[in-house]
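The values are calculated or read from the model by the stated rules, or taken from the named source; none is laboratory data. This structure is a prediction, so every number in the text was calculated from the model and none was measured. Here the Cβ positions follow ideal geometry from the backbone for every residue, glycine too, while neighbour counts run over all protein chains shown.
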Amino acid sequence: MAEPARIAGKAGTRRIRLRGHVQGVGFRPFVYRLARELGVTGQVQNQRGEVEVIASGDPPVLDRFVADLIERAPPLSAPSLVEVADIDLPAATDFEIVDSKADAEAQIFVPPDYFMCDDCRRELTDPADRRYGYPFINCTQCGPRYTLIESLPYDRPNTSKSGFPLCPECEAEYSDPGDRRFHAEPVACARCGPHLEFEGPNVESIAGDDAALAAAVDVLRSGGIVAVKGIGGYHLVCDATNDSAVRRLRERKQRPHKPLAVMFPVAGADGLDIARRHVSLEEGEAALVAGPERPIVLARRGPNCRLASSVAPGLAEIGVFLPYSPLHQLLLDAIGGPVVATSGNISGEPVLTDNDEALRRLSGIADAFLQHDRPIVRPADDPVFRRIGRHLCPIRIGRGCAPRELILPWRQSRPTLAVGGHMKGTLALSWDDRIVVSPHIGEMDSPRSLDVFAQVAADLQALYGVRAERIVCDAHPGYTTHRWARKQGIPVVEAWHHEAHASAVAAEYGCAGEWLVFAWDGVGLGRDGTLWGGEAFLGRPGAWQRFASLRPFRLPGGDKAGRQPWRSAAALHWECGEHWDAAPDPDGLAHAAWLQQMNCPATSAAGRLFDAAAAIICDMPQASFEAQGPMVLEALCRDEAEPLRLPLGAAEDGVLRTDWQPLLDIIVNEDLAPTRRAELFHASMAGVVLDQALAARREHAVAQVGLGGGVFQNRVLAERVIALLDEAGFEVYLPQTLPCNDAALSFGQAAEAAAREATD
């Protein structure tokens with residue numbers, strides 16, 4: 001490349017340090033190409049999460065070079081300048097990329113797994129390209145990252161691709177700074193990279209990419225179920241238009257009602273033409289589905305939907321996503337229609353990643369397996385988003401958007417590991433003012449979940465080069481994460497469940513000033529030893545005051561009520577001195593236990609009120625998955641209703657409490673259609689939030705209102721709450737970076753600990 005003419009001026013040398021998303025995204029090759037374009041000499045080097053550039057040239061050229069480093073950065077990168085300094089070094093004669101430096105202390109960024117870029121997609125479908133049809137094509141702009149990195153710096157020997165020596169052609173691309181695959185660590189081709197294999201308990205094994213893929217397609221077209229190993233784990237896949245195939249998958253997985261995600265082939269200008277035949281994509285949803293994170297997005301079922309009725313029974317929305325890896329792209333192109341692609345796991349455990357373990361544990365579900373020989377270092381499940389009002393909110397973070405990095409409003413004196421709750425497990429590692437939240441792990445009630453949890457805890461510390469000096473856990477002593485924390489031999493700090501929810505919301509938005517945060521969820525241990533879950537907190541992280549709550553009631557069977565909504569419904573009746581004929585308690589044992597207060601903890605949980613309403617209105621005494629009843633109840637709503645204003649008054653402890661009893665008369669009124677009762681229930685619960693917020697403003701002049709806890713994943717409720725609070729002049733904050741559910745607890749716990757330390 002000919003060197004352009006320099007702008008006149010005295011030549012100098014500058015050291016430029018950049019931080020942020022600058023590794024694993026093709027940043028060094030970009031710097032190289034930019035330097036050659038502008039006639040700048042010097043070098044660029046990775047240094048444990050930072051990039052250092054030594055640049056020589058005339059001052060105006062260097063000024064332009066520094067500006068272009070930010071303005072023209074690769075699309076997956078997010079660089080920020082740390083330092084630009086004149087240094088006394090002689091100018092180099094050329095510009096080069098030097099080997100990564102592993103011993104320097106700097107900020108580290110661990111990139112998530114990226115979806116297949118447009119350039120690779122074109123090569124994948126070009127018969128003239130040497131990577132035509134290769135299911136593991138990638139470059140610096142796409143491909144696996146988090147799931148293959150074994151250690152940092154992010155170089156090929158430190159990944160699960162180290163066992164695949166590059167062929168001469170790939171080596172030439174990898175070594176050429178001007179090539180799109182320069183230091184693309186997962187780079188490979190059919191000659192030197194991973195390959196597919198088709199196998200199963202009752203099928204003949206078939207090796208070879210094309211043949212294995214064709215065999216899997218044949219099974220799917222015939223109504224079978226195939227376990228497909230992807231980037232971060234396995235999917236269980238079947239034809240989404242074949243109701244018998246979907247029902248068979250449900251039966252085998254013992255998942256009778258929980259909605260299943262559907263992957264659609266890419267078609268049309270934005271890739272969503274086939275998806276639009278089945279779902280209605282609202283504002284922002286289409287861009288998110290086709291965006292770089294490639295998440296599952298909950299979209300409303302379309303009027304002409306032809307998906308199997310058993311995909312999402314009783315619900316108005318379907319989880320929609322597009323292929324994000326070349327393997328999924330090839331599979332969907334060959335099938336030509338949508339497939340169910342649900343996590344390849346067992347009952348809430350982390351998604352499976354190991355070939356032999358998948359064969360052993362999924363053989364009773366899948367008819368065949370589409371495997372590959374690239375090891376997955378750690379699991380990463382698919383992320384899930386839902387549109388709520390103007391916001392596109394995460395429900396689960398995972399592949400493509402996690403590890404999720406944020407900045408805390410406080411600096412910490414020592415690194416902290418926050419271990420979350422019991423459901424929707426995540427971990428958070430924080431140090432200085434940085435915090436990293438792990439992908440979704442799963443429910444913490446199985447040995448595999450705990451094993452993966454411990455692995456991710458160790459991996460986060462190893463990858464970021466940060467060793468935790470304390471652990472923050474939920475105050476509930478029965479949580480698996482609490483018990484694990486107590487065994488680690490370092491100081492443990494406890495955080496209250498719902499205060500962590502409140503802190504997660506406030507910390508995401510910088511938490512300046514006084515807040516009123518509603519923490520509505522199922523149940524969590526409260527400071528008074530009862531089960532909270534319908535709370536309003538006043539204050540700020542580290543200094544929350546319980547301002548308002550819901551009238552408590554005693555919950556027969558305790559934890560059983562989560563999967564048996566009838567218990568919550570019966571408890572409301574018994575609390576009001578009434579009998580409920582529909583309670584499946586023919587021998588009266590549950591009622592007798594309730595009367596004697598045996599295993600009947602008191603709760604103020606909003607989530608249990610939603611369970612009760614669903615049990616009554618939807619005739620749903622049992623739930624096969626968490627929040628099934630509230631989800632079906634929400635799906636009934638069509639129009640807005642005027643809320644029933646529920647009584648609000650101070651209890652003996654000074655906490656304001658809303659009495660739900662008048663609402664019971666509405667939800668049991670069979671003269672009203674179920675749809676109308678569901679609408680009135682949602683409207684009245686939204687009114688509870690407004691009334692408590694108005695009371696807080698009258699007493700404390702609070703203007704900032706946050707919404708945290710899994711109940712606010714309910715679109716009908718959250719949108720009505722936001723509208724009411726907006727109209728009343730409040731500033732309303734709904735989490736957008738992390739889920740509002742228990743997945744945010746680890747972040748909130750770390751925020752609580754950091755804030756307490758800052759105010760001590």
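Details
- The residue list 668, 689, 702, 655 contains one member that is under 17 Å from residue 521 (Cα atoms) and not assigned by TED's automatic domain parsing to the domain that holds residue 438, which is 689.
- Residue among 718, 744 that is within 20 Å of residue 631 (Cα to Cα), touching a helix residue (DSSP H, G or I) at 6+ places or on another chain (Cβ under 7 Å) and assigned to a helix (DSSP H, G or I): 718
- Residue satisfying all of: in the stretch 160-194; of a type in the set (Gly, Ala, Ser) and under 27 Å from residue 378 (Cβ atoms); surrounded by the fewest Cβ atoms within 10 Å (Cβ to Cβ) among these: 163
- Scan the stretch 355-373 for residues that are part of a loop (DSSP other than H, G, I, E, B) and under 28 Å from residue 292 (Cβ atoms) and the total you get is 1.
- Residue match in the stretch 244-255 (condition: of a type in the set (A, V, I, L, M) and over 27 Å from the mean Cα position of the chain (by Cα)): yes
- Filtering 695, 755 for residues that are over 23 Å from the mean Cα position of the chain (by Cα) and in the same structural domain as residue 492 (by TED's automatic domain parsing) leaves a single hit, 755.
- Any hit, the stretch 552-574, residues being within 17 Å of residue 601 (Cβ to Cβ), of a type in the set (Asp, Glu), outside the structural domain of residue 476 (by TED's automatic domain parsing) and part of a loop (DSSP other than H, G, I, E, B): no
- Residue match in the stretch 583-592 (condition: touching a residue at least 40 places away in the same chain (Cβ under 8 Å) and surrounded by 14 or more Cβ atoms within 10 Å (Cβ to Cβ)): no
- Residue in the stretch 410-421 that is of a type in the set (A, V, I, L, M, F, W, C), in the same structural domain as residue 445 (by TED's automatic domain parsing), surrounded by fewer than 24 Cβ atoms within 10 Å (Cβ to Cβ) and within 19 Å of the chain's Cα centre (by Cα) present: no
- Of all residues in the stretch 138-147 being over 19 Å from the mean Cα position of the chain (by Cα) and not polar (S, T, N, Q), the one that is surrounded by the most Cβ atoms within 10 Å (Cβ to Cβ): 142
Yes/no per residue for (1) over 25 Å from residue 610 (Cα atoms); (2) not β-branched (Val, Ile, Thr):
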residue: 465; (1), (2): yes, yes
residue: 478; (1), (2): no, yes
residue: 490; (1), (2): yes, no
residue: 494; (1), (2): yes, yes
residue: 499; (1), (2): no, yes
residue: 504; (1), (2): no, yes
residue: 517; (1), (2): no, no
residue: 522; (1), (2): no, yes
residue: 526; (1), (2): no, yes
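- Scanning the stretch 258-281 for residues that are part of a helix (DSSP H, G or I) and either touching a strand residue (DSSP E or B) at 6+ places or on another chain (Cβ under 7 Å) or closer than 18 Å to residue 237 by Cα (or both) yields a single hit, 275.
- Residue match in the stretch 423-445 (condition: among the basic types (Lys, Arg), surrounded by 22 or more Cβ atoms within 10 Å (Cβ to Cβ) and over 18 Å from residue 149 (Cα atoms)): yes
- Screening 91, 104, 78 for residues that are at pLDDT below 90 and not assigned by TED's automatic domain parsing to the domain that holds residue 36 leaves exactly one candidate, 104.
- Residues in the stretch 195-232 that are within 30 Å of residue 28 (Cβ to Cβ) and crowded, with 23+ Cβ neighbours inside 10 Å were compared, and the one that is nearest to the chain's Cα centre (by Cα) is 232.
- Residue within the stretch 202-210 that is touching a residue at least 24 places away in the same chain (Cβ under 8 Å) and in contact with a helix residue (DSSP H, G or I) (Cβ under 7 Å, 6 or more places away or on another chain) present: no
- Of all residues in the stretch 154-175, those that are of a type in the set (Val, Ile, Thr) have Cβ atoms under 6 Å from Cβ atoms of residues that are not in a loop (DSSP other than H, G, I, E, B), 6 or more apart or on another chain, in 159/149.
- Qualifying residue in the stretch 241-254 (condition: modelled with pLDDT under 95, within 23 Å of residue 350 (Cβ to Cβ) and assigned to a loop (DSSP other than H, G, I, E, B)): yes
- Qualifying residues in the stretch 287-309 (those that are touching a strand residue (DSSP E or B) at 6+ places or on another chain (Cβ under 8 Å) and within 12 Å of residue 385 (Cβ to Cβ)) - the one surrounded by the most Cβ atoms within 10 Å (Cβ to Cβ): 297
- Among the residues of the stretch 489-499, some residue qualifies, meaning at least one is under 16 Å from residue 712 (Cβ atoms), of a type outside the set (Phe, Trp, Tyr) and buried (at least 23 other Cβ atoms within 10 Å of the Cβ).
- The lone criterion from (1) more than 18 Å from residue 629 (Cβ to Cβ); (2) within 29 Å of the chain's Cα centre (by Cα) left unmet by residue 558 is number (1).
- Residue identified as surrounded by 22 or more Cβ atoms within 10 Å (Cβ to Cβ) and either closer than 23 Å to residue 714 by Cβ or assigned by TED's automatic domain parsing to the domain that holds residue 332 (or both) among 269, 312: 312
- Inside the stretch 1-37, residues that are modelled with pLDDT under 90 and either among the basic types (Lys, Arg) or more than 17 Å from residue 140 (Cβ to Cβ) (or both) make up a count of 13.
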